[in-house]
Amino acid sequence: MQTTKQQLLVLLKRTGSVTVEEAAGALSIASMTARQHLTNLERDGLVVTQRVRRANGRPHYLYVLTPKGEEMFPRRYDLLARILLDEVGALTPDQIEGLTAEEKRSLLIQRSADTLAERFRFNVDGRSLEARVAEVTNVLHLIGGFAEWIHTEDGFEIRDYNCVFATLVNESEGCCDGHSRLITQLLKWPARHESLVSGDVRCCRYVVSPSVGPELEEGLTIHA
């Protein structure tokens with residue numbers, strides 16, 4: 001069971017910002033209790049308040065995570081750094097001959113994703129698609145610090161709020177090939193990628209539909 005502090009941190013990571021009333025409603029606690037916990041988080045340097053002026057009435061205050069608060073969801077940069085260094089050392093001149101700097105970076109990310117997939121691979125034989133989605137989400141949570149999955153009308157959706165590849169890819173590129181490659185190799189099922197950037201929230205979403213079967217080429221990701 002998560003403590004109220006942990007629940008508030010997760011809520012802030014998921015939504016980007018909350019008011020006292022929103023936090024109270026989401027956690028089913030009294031507004032006074034929510035305010036007290038948020039004040040304690042602010043005292044600990046994990047959140048900060050932002051004053052927002054309304055068109056009518058008094059201004060209200062939003063609570064957002066600070067960099068220290070973000071560190072409560074640690075990315076495994078140490079793991080990725082070791083893998084990247086190993087892949088750089090394993091590259092041969094003929095593998096990178098004629099490639100642009102961007103192509104070299106893309107190659108490294110893809111090879112690193114393959115290594116991660118091999119390290120965290122699990123047996124999918126006999127597992128339902130839901131069980132696969134749950135296991136892949138566990139892997140993403142282990143690597144990135146905060147991932148979850150939900151049921152949707154079309155199947156399932158995996159949400160990674162702390163992608164370890166995110167800092168390696170420009171936001172303008174729209175999606176992370178390394179992230180996509182890792183998920184589809186572990187899942188052994190196609191997934192449609194959707195990137196969400198809204199305010200303080202950046203989230204990679206992967207839609208997994210039972211109607212799109214594994215007969216498609218392994219590692220294929222459909223980008224939206």
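Along segment 153-161, what does the Karplus equation 6.51 cos²θ - 1.76 cosθ + 1.60 (θ = phi - 60°) give for ³J(HN,Hα), rounded to whole Hz, x for Gly and Pro?
Rounded to whole hertz, the list is 4, 9, x, 9, 9, 9, 10, 10, 8.
What are the ³J(HN,Hα) values, in whole Hz, obtained from phi via the Karplus relation 6.51 cos²θ - 1.76 cosθ + 1.60 with θ = phi - 60°, for each residue of segment 93-110 in sequence order, with x given for Gly and Pro?
Ordered by residue, 3J(HN,Hα) equals x, 5, 6, 10, 4, x, 7, 6, 4, 5, 5, 5, 4, 4, 4, 5, 5, 5 Hz.
What is the count of Lys pairs in the chain whose alpha carbons sit under 28 Å apart, if the two are 8 or more places apart or on different chains?
Summing the qualifying lysine pairs gives 4.
Treating only the Cβ of Lys, Arg, Asp and Glu as charged (+1, +1, -1, -1), what charge dipole size does the chain show about its Cα centre? Round to the nearest 20 debye.
On the way: 26 positive and 31 negative charges, 246 e Å.
Its charge dipole is roughly 1180 debye.
When the Karplus curve 6.51 cos²θ - 1.76 cosθ + 1.60 is applied with θ = phi - 60°, which whole-Hz ³J(HN,Hα) does each residue of segment 119-128 get, with x for Gly and Pro?
5, 10, 4, 10, 6, 8, 4, x, 8, 5
With a probe of 1.4 Å, find how much accessible area the chain has per residue, and write the answer as a whole number in Å². Please report the intermediate quantities before stating the final value.
On the way: 12350 Å² over 224 residues.
Counting only protein heavy atoms, the per-residue value for the chain is 55 Å².
Give me the percent relative contact order of segment 2-121, please, defined on Cα pairs under 8 angstrom at least 6 residues apart. Walk me through the numbers on the way to the answer.
Details: 97 pairs, mean separation 23.7, N = 120.
Value for segment 2-121: 20 percent.
I'd like the carbon and sulfur percentage of the solvent accessible area for the chain, probe radius 1.4 Å, heavy atoms only, ligands and nucleic acids excluded.
50 percent
In a solvent-free Debye calculation with one equal scatterer on each Cα, what is log10 I(q)/I(0) for the chain at q = 0.12, 0.14, 0.15, 0.16 Å⁻¹, listed in the order of the q values?
-0.75, -0.95, -1.04, -1.13
For L91, what residues show an amide H to amide H distance below 5 Å, using hydrogens built from the backbone and excluding near sequence neighbours?
none
Would you list the P(r) distribution for segment 15-68, with all Cα-Cα distances sorted into 10 Å bins from 0 and each bin expressed as a whole %?
For segment 15-68, the pair-distance distribution reads 26, 53, 21, 1.
Got the relative contact order for the chain handy, in percent, Cα pairs under 8 Å and 6 or more residues apart?
Values: 319 pairs, mean separation 36.1, N = 224.
Relative contact order of the chain: 16 percent.
With a sphere of radius 9 Å drawn around the Cβ of I96, what net charge do the other residues whose Cβ falls strictly inside it have (Lys, Arg +1; Asp, Glu -1)?
The answer is -2.
Show me the ranking of peptides 69-79, 10-20 by mean Cβ neighbours inside 10 Å, starting with the highest.
10-20, 69-79
The values are calculated or read from the model by the stated rules, or taken from the named source; none is laboratory data. What you are looking at is a predicted structure, and each value in this text was computed from that prediction instead of being measured. Please note: Cβ atoms are built from the backbone with ideal geometry, for glycine as well, and neighbour counts cover all protein chains shown. Heavy atoms of the whole protein, side chains included, go into the accessibility calculation; ligands, DNA and RNA do not. Shrake-Rupley method; radii C 1.70, N 1.55, O 1.52, S 1.80 Å.
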